[in-house]
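The values are calculated or read from the model by the stated rules, or taken from the named source; none is laboratory data. Keep in mind that this is a model prediction, so the values were computed, not measured. Positions of Cβ are generated from backbone atoms using ideal geometry, with glycine treated the same way; all protein chains shown enter the neighbour counts.
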Amino acid sequence: MSATLFSDIEYLRGVGEARGAKYRKLGIACPYDLIYHIPRTYLDFRAFVPICQAVLGEYNVLKLTITSKMPPQRIRNGLVICKAVATDGMDDILITVYNNVYAFQALKEGGTYYMHGKVSGNFLRREIASPTYIGVQERVLIQPIYPLTQGLSVNMVRANMQQALEILRKEPLETLPENIRREYDLPPLMWALENIHFPSSDQAAENARRRLAFDELLKLQLGMSLMKTRSRRNTAYQLDSRISVKPYLDALPFEMTAGQSKAVNDIITDLCRNVPMNRLLQGDVGSGKTAVAAAACYFTAKNGVQAALMAPTEILASQHFKTLSGFLEPLGIRVCLLTGSVKGKKKTAIYEAIKSGDMDVIVGTHAIIQKDVEYKALGLVITDEQHRFGVAQRAALAEKGDTPHKLVMSATPIPRTLALIIYGDLDISAITELPKGRKPIKTFAVTGKLRQSAFGFVREKLDMGYQAYVVCPMIEDSESDLFAVKSYAEAAAKSDLKGYSTALLHGKMKPAEKDKVMKEFHDGNVQVLICTTVVEVGVDVPNAAVMVIENADRFGLSQLHQLRGRVGRGTAESTCILITDNVSEDCVKRMKIMKATNDGFRISEEDLKMRGPGDFFGSAQHGLPPLKIADIALNTQLMNQAQKCAGEILAADPTLDLPANRHLKFDTMRLFNKDITG
């Protein structure tokens, strides 16, 4: 039986069980997946040079004829070295291939090849090591270089790709009708897929990339829109708009900012609709999101239904419980805390109170979604820093109610253009200003020469009774010159911070250990927390007034801003000191931005311009499909076109059920790896 686009990848010639397992490591299970395995770059074999003009120590393309091959040499640890002599008609060169007998055997004596590899040696004797090659008869001289895994070579993937494209020619696909392709000046999909892998010219590769990037952005828009439509099923908890939230607002010890007030109005309006709210509350560090969430909890409780807030750590959950209790309990709203450390009779009592409806607001960690927890009427679900929860955990909380309203809180400012994609299935409320009286954090950038002075300043603050953070980029020492938190903590305790109580915090510690250290710091028993970025989204320690960030050049602007937001949470003037010996133009520009503004949204816009969307998409933390081709930072115009196109398609066919959109719907569902209309 011949292979189809969706046959197992092992159906391709030369792909047995072992190679199939390697492909699956790359997320490639069938020829269709392989076709969308996009080259990361290309080798241009057209630009070959004579051996005598090859630049030593650099990669060159040579056109060589094999004159003789030597038997493979087996040396220590099973390593195999294969050697051959080749000529370009004027000079000879030694070809050396390490541990790849298969590739070496494919080279035939008398055969002529284009070879790309690092050339070494001297004027008299030259060598090219482990070259990538194609036969001189090959028509396409711009060859793809793919992301690989151990055990897969570029030549193997190229050969399999040719087979996959051959299958595609027999089963041609097209996701966009001709009128849309004309409107947006896009080539046919079949042509684009052939030319992204084996381009006939540089321009062909560019045109192919544009078509596939457009497709990717379009499918992203369509998928998010379909998810939003899916979430518009009726909720059992349409709340009563006649109930006033004014008593809560009047009882606050401060006046809400304009951004907070608007967010509260957005949320109350959503809660009174017959479809579930699905809203993102986005605000900079310290912008007062919890006070807004408390307003939503108050309104929900006054409507006679329950609200639950899930935080990623016990410390954050305890922090939210303390804040919400302070706001709500004087108004008669009953708030409880449920975390993994609550045991025995106390846990049983909380379970019973939740089930009977004696608790209005339930705050906790993932403990609040355990199967033993039953809610009487869960109408509002709030997740804080939701990217730190798995998709299954978020879904489990929502399933505790009958299509409850959902509010997501995030302290990671994201440019609006990007937020519309990342959170395309959510409505967005953004708090862009800080509460009145909050002092901006003073930020300084210095080189290592001023480290002693910086720590002199830290000691002054500690002597005044304040606490400090010191952030390092690594956990353990490596070959790089980056500071590692473990050795740094040991050294600092004997020098810069001698006589002061310090603690160590990093991501490899067990959750219970991390919580213990953070509690010690929070309670003031530790003066200096020496840590990695594990504190980027963390606890509120108002007494922490200074932060030192080592190797500051190794962090993105948004990450530096998140780290900096750990201080400046009390009434004292706070300081952030960025230490870096990198004086490149790019680094100097980034440090200047950090010194110039405390506005997280402005910083995120600059970060997007300078680094691209990696900070926001890189970790796939938002549950979105990763973008393989499109670059949001570079493809803003293309993204706008894709948004417009998605709107046109959905206006005519809201569920993509028309025959003309069959392939497009299939591809969109595949991208999201689930039935987004189910």
Failed item in (1) at pLDDT 90 or above; (2) at positive phi, with A445 passing the rest: (2)
The lone exception for W191 - which of (1) at pLDDT 90 or above; (2) in contact with a helix residue (DSSP H, G or I) (Cβ under 6 Å, 6 or more places away or on another chain) it fails: (2)
In region 116-138, the residues that are in a loop (DSSP other than H, G, I, E, B) and under 16 Å from T67 (Cβ atoms): R125, V136
Helices (runs of 4 or more DSSP H) contained entirely in region 1-115, each with at least 1 residues that are under 30 Å from E216 (Cα atoms), out of contact with any Cys (no Cβ under 8 Å at 6 or more places or on another chain) and at pLDDT 90 or above: 17-25, 31-35
The lone exception for M518 - which of (1) buried (at least 23 other Cβ atoms within 10 Å of the Cβ); (2) farther than 27 Å from I603 by Cα; (3) more than 26 Å from the chain's Cα centre (by Cα); (4) not charged (D, E, K, R) it fails: (3)
Residue in region 233-286 that is surrounded by the most Cβ atoms within 10 Å (Cβ to Cβ), counting only those that are among the basic types (K, R) and under 31 Å from the mean Cα position of the chain (by Cα): R279
Conditions (1) in contact (Cβ under 8 Å) with a residue 24 or more places away in the chain; (2) aliphatic (A, V, I, L, M); (3) touching a strand residue (DSSP E or B) at 6+ places or on another chain (Cβ under 9 Å): number failed by V49: (1)
Of residues in region 92-111 being buried (at least 16 other Cβ atoms within 10 Å of the Cβ) and touching a residue at least 40 places away in the same chain (Cβ under 8 Å), the one farthest from G151 (Cα to Cα): I93
Test result for G151, on the phi > 0 side of the Ramachandran plot and either touching a Ser or Thr at 6+ places or on another chain (Cβ under 9 Å) or surrounded by fewer than 15 Cβ atoms within 10 Å (Cβ to Cβ) (or both): yes
Residues satisfying the stated conditions in region 337-357, i.e. among the hydrophobic types (A, V, I, L, M, F, W, C), out of contact with any strand residue (DSSP E or B) (no Cβ under 7 Å at 6 or more places or on another chain) and either touching a residue at least 60 places away in the same chain (Cβ under 8 Å) or surrounded by 14 or more Cβ atoms within 10 Å (Cβ to Cβ) (or both): V342
All helices (runs of 4 or more DSSP H) inside region 167-238 with 1 or more residues being in contact with a Gly (Cβ under 8 Å, 6 or more places away or on another chain) and in contact (Cβ under 8 Å) with a residue 24 or more places away in the chain: 202-230
Lone qualifier among D553, D496, D515 - being among the acidic types (D, E), assigned to a loop (DSSP other than H, G, I, E, B) and out of contact with any Pro (no Cβ under 9 Å at 6 or more places or on another chain): D496
Per-region count, region 556-573, residues outside any helix (DSSP H, G or I) and either within 25 Å of the chain's Cα centre (by Cα) or surrounded by 23 or more Cβ atoms within 10 Å (Cβ to Cβ) (or both): 5
